[in-house]
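The values are calculated or read from the model by the stated rules, or taken from the named source; none is laboratory data. These figures come from a predicted structure and were not determined experimentally. A quick note on method: Cβ atoms are made from the backbone with ideal geometry, for glycine too, and the neighbour counts reach across all protein chains shown.
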Amino acid sequence: MFYLQRPALPWRPLPALLLALALGRLGCAWAQGGETPPAAVWLLAEAVRQSGDARGHGASGHFGVIDKTGARLWIFSPRGHVLAHSPVLLGQAPGDVAPPDIGTRPLSRVRAHEKVTPAGRFLTEEGVNHQGEDIVWLDYDSALSMHRVRNVAGERRHQRIASDNLADKRISYGCINIPASFFDQHVKPLFGHRKSMVYILPEEQQAAEVFPFMRAGGTAAPAPPGHAPAAR
């Protein structure tokens, strides 16, 4: 596998992607079956690989990219190869920034427009929620996690995650719901049993605004400090 050596940033996504396709030297190896990530996912994954952002701070080098516009989680090896991908359920409301006190409020006090899956860069940590369910924390303080799809009365979450309608995928309070089999086979081993980075692409902002390493001369923001959260 040859990697395309990109010109100096700032990124010019469409020309860079067309050039890579023309040369037949895509930076990420596609998943089995020939499935290719969307351009925004691929460009972020290339930036992560080239910058080495997914290494350090105890992170394994494996990383995940959550594409909110496509409602899908993509998992990459440290070398930028696609390992697996899955549909996910996301926050009901569009947006890239959740209220700063969202993690301290009971669910009954979270309004519909506040049910946002925030964009950003997260160092994962294994944990449990207040019901004792094993989950993967993205941000403990804001109660943001990845977990198996739950049965919630009246929400048809299992039917939604199997739907081809992207609008069906927006239903959670902000957490990322993942099919149980995919969570157990891929997410828990790579992001729970070890620390790894997860990048949630924005849907309203530009990616370079959220991820400094995508900008010319940018440096990665420090990863959140790791700590063992209490059950909540």
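Data overview
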{"quantity": "Single unsatisfied condition, residue 61 versus (1) in contact with a Ser or Thr (Cβ under 8 Å, 6 or more places away or on another chain); (2) closer than 25 Å to residue 172 by Cα", "calculated": "(2)"}
{"quantity": "Of the criteria (1) over 14 Å from residue 64 (Cα atoms); (2) charged (D, E, K, R); (3) in contact with a Phe, Trp or Tyr (Cβ under 6 Å, 6 or more places away or on another chain), which one residue 125 fails", "calculated": "(1)"}
{"quantity": "Unique match (being out of contact with any Leu (no Cβ under 6 Å at 6 or more places or on another chain), under 30 Å from residue 209 (Cα atoms) and among the aliphatic types (A, V, I, L, M)) among 138, 166, 144", "calculated": "166"}
{"quantity": "Residue under evaluation residue 111, criteria (1) at pLDDT 95 or above; (2) farther than 20 Å from residue 183 by Cα; (3) among the basic types (Lys, Arg), criterion not met", "calculated": "(1)"}
{"quantity": "Residue check, residue 68 closer than 12 Å to residue 201 by Cβ and not aliphatic (A, V, I, L, M)", "calculated": "yes"}
{"quantity": "Residue in the range 118-127 that is farthest from the chain's Cα centre (by Cα), counting only those that are within 21 Å of residue 60 (Cβ to Cβ) and not polar (S, T, N, Q)", "calculated": "127"}
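The rows are residues; the columns are (1) at pLDDT below 95; (2) over 21 Å from residue 98 (Cβ atoms).
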position	(1), (2)
136	no, no
153	yes, yes
198	no, no
224	yes, no
229	yes, no
232	yes, no
